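Trainee: Following this message is one structure expressed as structure tokens.
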């Protein structure tokens, strides 16, 4: 009531004022610009009224946007964040809070879960690690991932090597800059290999080096951009010394091939026993680095002393029935390895059943070999004209020209069988190509040798173990025994499905090598720094959060937008300005005329 | 007329511009040369003078702008230089219509004068001459700088050695006030002694090094410790502040200075080894064959170089005479004609006359050059061979008599030509020139006939049938309409393929080569030069003999025929007396010489994370330290920094990460790559799961 009265009073007064002023203007002697003055007077009084009156307009608007919960994680872009009045922004990382001060810093995700209730959570940035996602307790999540991180996004290498094996580091690098990036593999403060990544490209890289030492060494991968060297991450590698094997060689007659192989193996500390026939059931026996025993009969206890048995096919074929069956038993049930030098005796034996031989007519071929997909350095070897025809279930190990298989392997029960047609590899050793000779026989013997059953500790680490974050280790152990990491005993949890697998959770407190002791044997694993491989870590986080968001999509409740009329007051400043303008005009007019 | 005058003025203007630009260029060149001299003095790159030249040239052109000169200015110049123009050249440039009568008169007069005027170059070139003079002066300056400074500079680098500049900064003990190191190179190097004020030294092998150390306080004792073993005490020469010692340097390594029990850091000792002399034989080739008739002599041209000086050089020659079992050797030592005075480079030559060494046809000469440097180091070349053709064997009839296919008389003919030619040469002094020429020509004819006869083997044209033909070749009525006969008479048939015998291509090629040699011999004979014809004739004979040898055939020996084996008796022998030999041995693999270094790497890797050294780790590093020390004494330049870093790691409580890096890099350099050996993977602890899996897989497989 009061409001309405006020309005009428103001309008009335202003009308009176306008009439008075108009009369004043009209009655003025100077008639110049009369119309302008009248307009100015009218405007001035109207504006005066407007200032006094509460003028407003009405508008339909989406009222009260629904509450939105936003969690910012590292790598978020403030521009992508849609601002909303009812938005609640959280962060669980101090650095994020610094970058976006409006965010509310939480100590843990549990607090967020309580506030969320039925609402879904928007996650911006690189997302969360699987461990933190588990804390969200299956709350619905909408993920807004940031751009894929630049730098190394994937990396892989073999962490445990044998002496003499190459370290191969493979990965993917995204280079968004307009310059070339050089990647360096460094170890022992020496640059061991480099690769260049083209500008504006994502490229796979492959760096190799041959570790010269044994034991634990941390290599690093560095990137050089504009003479600016950045360490991307550490590459921890353990190189183990080779444990010599025990080899039994059977030969129908003394020969160069056996002699060279025997010498090569025994000089490197391998245990070698050689049985070569000199007449019917008469053998010449040699024992190097192994205690002496009778080799006349190949009994199971004799065979169990060796990791591998080598010989030509005719020797195996002339074995007595008892010897042959014990050999077969030992191979199929106990995992003994056999290397057979195939020949064209034509007899079908279980040893050569999977490896049918083909013979090419024509000259014998001299060529270099391709061992395990790698071309041997130099040696030109007479590889004859016999080769193995491929059959399903076998694996070609050594090939010659036109992919002719010269050595192949297959499994025979729990043992391995390797058949080769090469019978004069000693010529490459004789001509000084010891490197190629070693490569060839290392490949064949390593393939066939009996698995080393003395090492009982095997364990694997899930994901990239980063300091300060929980790491899950899977320890495989035949018997239950306490596991201690860095000197403290940790609780182990048996896998319900696989009885010999045990899960261990551990929080590495500092980066670097971590010991794991079980059954009195120490194994080592490496915990990375928080900054190590951050591209890889971020890629993993994005993937994990993506997966989580897919699994926990918000429920399809149609939230009806509530529309509401809104009264919006017109700001007074416009009226003031107009009033002032009109008054100024009138004042100036009076001064001029 | 007016146009011509104007044209002349224009031409003069162009001349003026040309001279100005040239003058600017010369002046800029002078400035650039001065700058180049300055750069040389400062040790900068001399080629920086080029930008200076272009900059000053551009600047001068921009300032002078010679192309902007007007014709009026030229006219003024002419007026000033040539009074006969009477100051009216300027009128020529004005249009005739604007001139009054007096002006026109003056103008026409100036025109005619200008037309006949020979304008000299001298006034135009005045500025250019001045610039060129300046250029010459600055060139002189540059030359002077180049000769004086550069030679001095050169002497300096040679005196101290470039190797020395690689030495790192050295830290000296606080007590040491000054060091004076005198290196006296051994006499063979012919170098004077030099001094330096640093501990790191590089000296010639065998040089004597004297240390004079001045301390700021009186000290009790001091010594030098070489390679951690050898100790050389310093002698006190004055109230405990002056100490000295001397040592002959024969091997590289490192040393430390110890003052009152306190050891300094490691200093390098590098040894410059004397290289043996380098001999390069330019002629003859490694094997030379002198054909009969060629001059029997060898010219040996050799260049000898050494880093300090050549003391002596010899040719060791061996003559092999005879053949088969009767071969005899005789050795000669021949001196080069040059006297060797210890200069670092000699170009020497020696002409050896083979008859002077009693060499006859068929003999061979083997020689090598042996040189000795001032340090008595010897080096020698490979053996060179020179063979004289054996004419005796070539002329013998041995093979010919038993030859198979080719007709012997042909060979005798070539032989005969050689014998006749030699006889003719012997008779040369006793017969008249005409007769000599006639006999030579006759021999030429014989040679031609012989060549034609051999040409027939190749199906070449038969020249003997040439000459006037009787016209009645077809006159016989029996030959009426005998086309073949008529064709034969009236056509000229050249090389007939069917006449050629069926030789192997190689034999044909050799026959052709023989014919070529015969051609050349014939040419020389016809020119009355039997001496010059002889080498070709010998060569032809040798080729023919080879051909004859090739046509021989051989029968291989028959193989051994064994008696047949009685199969029923095979493998029935009694074997119970045959013992089974057993051989047993233990072969330990060679100890890894890098084991200590490999272990040290692991310790260092641990130190990077936790820089605290345990007792056990310390022991491992001590072993590595010894190995590095051995290497450093052999190659101080490479390993000395690593060794000092290692010592810092061992001595300091808190380990520096850069030291670890230095040591690791040296170890990585030292270690050899491991060999690839067979190995096996570990079986995972799976309670026999995989084994039973494979067993069942086997059973499932048919």
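The numbers here are math on the coordinates, done by the rules we state, and not lab data. Everything quoted here is computed from the prediction, not taken from an experiment. We place every Cβ from the backbone using ideal geometry, glycine too, and count neighbours over all the protein chains shown.
Trainee: If a paramagnetic tag sat 7 Å from the Cα of residue B:609 along the Cα-Cβ line, which residues of the stretch A:138-172 would have the backbone N under 13 Å from that point?
Mentor: none
Trainee: Starting from the Cα of residue A:497, step 7 Å along the direction of its Cβ; do the same at residue B:353; then give the gap between the two resulting points in nm.
Mentor: That separation, rounded to one decimal, is 10.4 nm.
Trainee: Could you give the length gained on full extension between residue A:591 and residue A:299, defined as 0.36 nm per residue of separation minus the Cα-Cα distance, in nm?
Mentor: Going from the current span to full extension adds 91.9 nm.
Trainee: Using DSSP, restrict attention to beta bridges with both residues in the stretch A:185-310 and report what percent are antiparallel, rounded to the nearest 5.
Mentor: On the way: 23 of 32 bridges.
About 70 percent, rounded to the nearest 5.
Trainee: With the convex hull built on the Cα atoms of the protein assembly as shown, state its orientation-averaged projected area in nm².
Mentor: That works out to 122.3 nm², a quarter of the Cα hull's surface.
Trainee: So, one more: Work out the FRET efficiency for residue A:119 and residue A:77 from their Cβ-Cβ distance, taking R0 = 25 Å, and round it to the nearest 0.05.
Mentor: Step by step, r from the Cβ atoms, then E = 0.65.
Trainee: First measure r as the distance between the Cβ atoms of residue B:651 and residue B:260, then evaluate 1/(1 + (r/R0)^6) with R0 = 25 Å and state the FRET efficiency to the nearest 0.05. Could you put the intermediate results ahead of the total?
Mentor: Working: r = 18 Å, r/R0 = 0.71.
That pair, residue B:651 with residue B:260, gives E of 0.90.
Trainee: What is the extension gain from residue B:383 to residue B:574, computed as 0.36 nm multiplied by their sequence separation minus the C-alpha to C-alpha distance, in nm to one decimal?
Mentor: Details: separation 191, 0.36 × 191 = 68.76 nm, distance 6.13 nm.
Taking residue B:383 through residue B:574 to full extension adds about 62.6 nm, to one decimal.
Trainee: Can you tell me, using C-alpha contacts under 8 Å and at least 6 residues apart, the relative contact order of chain A as a whole percent?
Mentor: 14
Trainee: For labels at residue B:327 and residue B:87 in the simple 7 Å Cα→Cβ model, what's the distance in nm?
Mentor: 10.9
Trainee: Residue separation times 0.36 nm, minus the C-alpha to C-alpha distance between residue A:27 and residue A:460: what's the value?
Mentor: So the chain would gain 145.5 nm between residue A:27 and residue A:460.
Trainee: What is the mean number of Cβ atoms from other protein chains located within 10 Å of the Cβ atom of each residue in peptide B:587-597, rounded to a whole number?
Mentor: Partner Cβ neighbours, averaged per residue: 3.
Trainee: When only Cα pairs under 8 Å and 6 or more residues apart are kept, what is the percent relative contact order across chain B? Can you show the working numbers first?
Mentor: Details: 960 pairs, mean separation 56.2, N = 702.
About 8 percent, as a whole number.
Trainee: Report Rg/Rh for the stretch A:246-448, rounded to two decimals, where Rg is the Cα radius of gyration and Rh the Kirkwood radius.
Mentor: Result: Rg/Rh = 0.94.
Trainee: Let me ask another. Give me the angle, in degrees from 0 to 90, between the Cα long axis of helix A:256-267 and the longest principal axis of the Cα atoms of chain A, rounded to the nearest 10.
Mentor: Helix A:256-267 sits roughly 60 degrees off the main axis of chain A.
Trainee: What share of the DSSP beta bridges in the protein assembly as shown is antiparallel, in percent to the nearest 5?
Mentor: The answer is about 75 percent antiparallel.
Trainee: Helix A:34-52 sits at what angle to the longest principal axis of chain A, using alpha carbons and giving 0 to 90 degrees rounded to 10?
Mentor: That helix lies at roughly 60 degrees to the long axis.
Trainee: I want to check the label-to-label distance for residue B:318 and residue B:692. Put each point 7 Å from Cα in the C-beta direction and report it in nm to one decimal.
Mentor: 8.1
Trainee: Taking the Cα atoms of chain B, report the difference between the largest and smallest coordinate on each principal axis, in whole Å and largest first.
Mentor: 138, 121, 83
Trainee: Let me ask you something else. So for chain A: antiparallel DSSP bridges make up what percent, rounded to the nearest 5?
Mentor: If we restrict to bridges inside chain A, about 70 percent are antiparallel.
Trainee: Could you work out [θ]222 nm for chain A from helices alone, using -39500 (n - 2.57) per DSSP H run of at least four and dividing by all its residues? Round to the nearest 500 deg cm²/dmol. Don't skip to the answer; put the middle values down first.
Mentor: Values: 13 runs with 157 residues, N = 593.
It comes out at -8000 deg cm²/dmol, rounded to the nearest 500.
Trainee: Compute the long axis of helix A:434-448 from its Cα atoms, compare it with the longest principal axis of the Cα atoms of chain A, and write down the angle in degrees, 0 to 90, nearest 10.
Mentor: Between the helix axis and the principal axis of chain A, the angle is about 80 degrees.
Trainee: Where does the Debye-calculated log10 I(q)/I(0) of the stretch B:278-390 sit at q = 0.12, 0.19, 0.20, 0.24 Å⁻¹, using only Cα point scatterers of equal weight, no solvent?
Mentor: Values returned for q = 0.12, 0.19, 0.20, 0.24 Å⁻¹ are -0.44, -0.93, -1.00, -1.31.
Trainee: Here's a follow-up. Could you put A:302, B:680, A:196 in order, starting from the residue whose Cβ has the fewest other Cβ atoms within 10 Å?
Mentor: Placing the least packed residue first, the sequence is A:196, A:302, B:680.
Trainee: Please report, for the Cα atoms of the stretch B:611-702, the Rg to one decimal and the Dmax as a whole number; what are they, in angstrom?
Mentor: Here Rg and the maximum Cα pair distance are 23.5, 70 Å.
Trainee: If a paramagnetic tag sat 7 Å from the Cα of residue B:586 along the Cα-Cβ line, which residues of the stretch A:233-269 would have the backbone N under 14 Å from that point?
Mentor: Once the point is set 7 Å along Cα→Cβ of residue B:586, A:269 turn out to lie under 14 Å by backbone N, inside the stretch A:233-269.
Trainee: Can you give me the orientation-averaged projected area of the convex hull built on the Cα atoms of the stretch A:174-314, in nm²?
Mentor: With every direction weighted equally, the projected area is 13.1 nm².
Trainee: Give, as ranges by residue number, the residues of the stretch A:112-145 whose backbone N falls under 18 Å from the point 7 Å along Cα→Cβ of residue A:550.
Mentor: Only A:123, A:126-131, A:133-134, A:138-145 fall inside the zone, counting backbone N under 18 Å.
Trainee: Another question, then. With the alpha-carbon atoms as the only input, what is the per residue convex hull volume for the stretch A:285-390 in Å³?
Mentor: Taking only Cα atoms, the stretch A:285-390 has a hull volume of 156 Å³ per residue.
Trainee: How well do other chains shield peptide A:535-547, expressed as the mean number of their Cβ atoms within 10 Å of each residue Cβ?
Mentor: 0
Trainee: If r is the Cβ-Cβ distance from residue A:322 to residue A:156 and R0 is 60 Å, what FRET efficiency results, to the nearest 0.05?
Mentor: 0.75
Trainee: Provide the descending list of Cα extents for the stretch B:2-148 along its principal axes, expressed in whole angstroms.
Mentor: 71, 23, 18
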